[in-house]
Amino acid sequence: MKHMERLRALAGITVAVAMALSMPIMSVAQAKKVKDIKYPALPAFAVPTPQRVVLDNGLVVILLEDHELPLVDATLRVRTGSRLEPADKVGLAQLTGSVMRTGGTTSMSPDDLDDYLEDRAARVETFIGTELGGASMSCLSQDLPDILKTFADVVRNPVFAEDRIEVARNQVTSGISRQNDNPQGILFREFQEIIYGEDSPYARNETYTTIANITREDLVNWHGMYFHPNRMVLGLVGDFDSDKVLALVKETFGSWPKGPDPPPADVAFSKVPRPGVFYVEKNDMTQSNIIMGHLGIRKDNPDYYPVEVMNQVLSGGFAARLFTNVRSKKGLAYAVAGGVRSDWDHEGLFLMFMTTKTETTGAGIEALLEEAQNMTAKPPTEEEVTKAKQGILNSFIFNSDSARKILNQQITYEYYGYPLDWLARYRDGIEKVTIQQVRDAAAKYIHPAQFTILVVGPKEGQDKPLETYGPLAMVDITIPEPETVKFALTEENRAQGTVLLAGLLEASGGAAAVDALESIAKTGETVAVTPQGEMSIKTKDVVAFPDSMRQEMVLPFGTIITVITQDDAFMNTPGGVQPMPESQRDDSVKSMRRNPLFLLKARNDENLVVAAMGQEEFAGQAADMLHVEYMGDTATLALDPESSQCLGMKFQGKNFTGAPGEMVQVFSDYREVNGLQVPFKVVSTYNGEPFLDTTLTEITVNGPITEDTFARPEAMTANKDSN
């Protein structure tokens, strides 16, 4: 019986679906041409208007009810931003915004706060960006009274726990160490610095030194300076009654005293064009990234709407000029885009960018320049403008298709002082744009003669010299090392250092054994202390002096092989062969050069500087400290006062995240190998914490080195196939 009922139900569903599907087919069949199909008029669309209230202490509150789901979101905007931080402490705003949430409050420890929110499936986050700071909250509507109080506690009463500051500091310094690994990151970062000027807050970037300069007191003072209710806009959207929530907000935030009135943002930047070609040589790439342009406009510019339509003509989709001409017809670009960008309270950037093969770098530059010139030489047509306006207007609904989007827009308009009906004006403004206004905007805001052109990519293989397109300037993207107290060199301590180095030479096996050293291979196991716990790694290293190194690491998830030679640097991972990032290559080369045997082989090099630093305790015993400088790197060797054997060394190294810190290596279990004294045990700490514990099982000096040892796997395969 139940089986028959299911069959009848299925049959009914089948008939209903067939009828539904047949209806549009019948309708389409009646029309012989697409243009004959008649569509009903779209229903009128009105953007809901949130409720706006200003509390006595100056806090602006914006409320928008949305009863679709039993959820409430809150968004807070604070008049602050990294553009206000001192130049010697760039990164202060970012750290403050992060540790406000992670560092706990006066009533909740960081762990208690995490547990409290997790138990209620709630979320509270804080941040500070370039132009604003903020916080956000999400919770079930039934938990709103409790979570809103916690939200206010995080914003009003952060304690900035020291240990959480260090976690955040390490995360930032890790990002600094990797900032040159992403070519597009380099492209936009350096372009912004060139256009706005290197001293502009819009172009500044964190360095190891500026991050190290920041103290807990700085975070506390920053919060105290900028976090006041009259500098804030608070918006709530979700399943609530506005009157009840407004009363709750007054109860939670109303007692917060008003602070000083915020001054208007007045951040300087260069408005002088810098025409010419700028180049970042990055040889671990196989393509060129190109960007060009100059300053753009503000959103309150009278020509904002014509510029929006012009941008759509230039780069608004698959039918826009850049995509059609540069990517499709000429086949030059993997990615291409551009337009006159606008910011709320300062000029944005006009830019066009693309990625292309190295051998079409010049052709790519010429293609972008041609499209920029054609915006005036071949001005937008009536058809292009009509399609551009339709494209913008057809997508307009997606700017306001949820209550949360509408609220965030209202908060933005309030924060930057724009009319609260700015979004409603947008559609009308686009509809009124004329063809002549778009053409005038192109002529007024695109100036190819003033273009700054920046190229990031490899030097070899470019089709034309970059000087073809203007005066060429090289851009140095070297990451500045952390500032350290420099050791004062004198003739006396350098002479004493030479004596200590001679003692180390004898203790290591003597000049003959050191000079005969051509290669050294080490096999062993390393226990690494990671944030996730201890991990055992089997290792096999081969170094061929003076410039080749191969390291093989067997990890739980697979084997990683890294190879560095004078001409190449790559990684062979479970995911395939890939170029080694330049920052990692530099760190590996420094590690190879810090080896005491390497330094002894370079003892007669005029670039090697040694100096005695006196005695201090190292690894629990007195040691003669030897300052060493070589090839841009600095280290301190600890020598046994009696035997002159190397007890270990100190230097600025990096942990697994790339964050720099003090690395200390302690050497022990010395054994004789081919006349050399080498340690079979190396224990490393990072900023005083356990880091690596390496035990070597075999060391071979001047063993056989085959042609394949430092070759790329694909080259090895090709050689075998040719045989």
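What to note about this one:
- Filtering Tyr418, Tyr413 for residues that are of a type in the set (Ser, Thr, Tyr), at negative phi, surrounded by 12 or more Cβ atoms within 10 Å (Cβ to Cβ) and free of Cβ contacts under 8 Å to residues at least 40 places away in the same chain leaves a single hit, Tyr413.
- Condition check for Arg494: farther than 30 Å from Asp708 by Cα, touching a residue at least 12 places away in the same chain (Cβ under 8 Å) and touching a strand residue (DSSP E or B) at 6+ places or on another chain (Cβ under 8 Å): yes
- Some residue of region 621-635 being touching a Gly at 6+ places or on another chain (Cβ under 7 Å) and aromatic (Phe, Trp, Tyr): no
- Cβ pairs under 9 Å, 6+ apart, first in region 110-121 and assigned by TED's automatic domain parsing to the domain that holds Val99, second among the hydroxyl-bearing types (Ser, Thr, Tyr) and in a helix (DSSP H, G or I): Pro110/Thr102; Leu113/Thr102; Leu113/Thr150; Asp114/Thr102; Tyr116/Thr150; Leu117/Thr150
- Count of region 681-701 residues which are in contact (Cβ under 8 Å) with a residue 60 or more places away in the chain and surrounded by 15 or more Cβ atoms within 10 Å (Cβ to Cβ): 7
- The residue that is farthest from Thr356 (Cα to Cα), among those in region 432-469 that are of a type in the set (Val, Ile, Thr) and assigned to a strand (DSSP E or B), is Thr452.
- The residues on offer are Tyr279, Tyr334, and the sole one that is over 30 Å from Asp428 (Cβ atoms), crowded, with 19+ Cβ neighbours inside 10 Å, among the aromatic types (Phe, Trp, Tyr) and in contact (Cβ under 8 Å) with a residue 24 or more places away in the chain is Tyr279.
- Residue match in region 319-335 (condition: closer than 30 Å to Asp303 by Cα, part of a loop (DSSP other than H, G, I, E, B) and more than 27 Å from the chain's Cα centre (by Cα)): yes
- Residue match in region 356-379 (condition: closer than 30 Å to Asp73 by Cβ and out of contact with any Phe, Trp or Tyr (no Cβ under 9 Å at 6 or more places or on another chain)): no
The values are calculated or read from the model by the stated rules, or taken from the named source; none is laboratory data. Here the structure is a predicted model, which is why all the values come from computation and not from measurement. Here the Cβ is made from the backbone with ideal geometry for all residues, glycine too, and neighbour counts use every protein chain on show.
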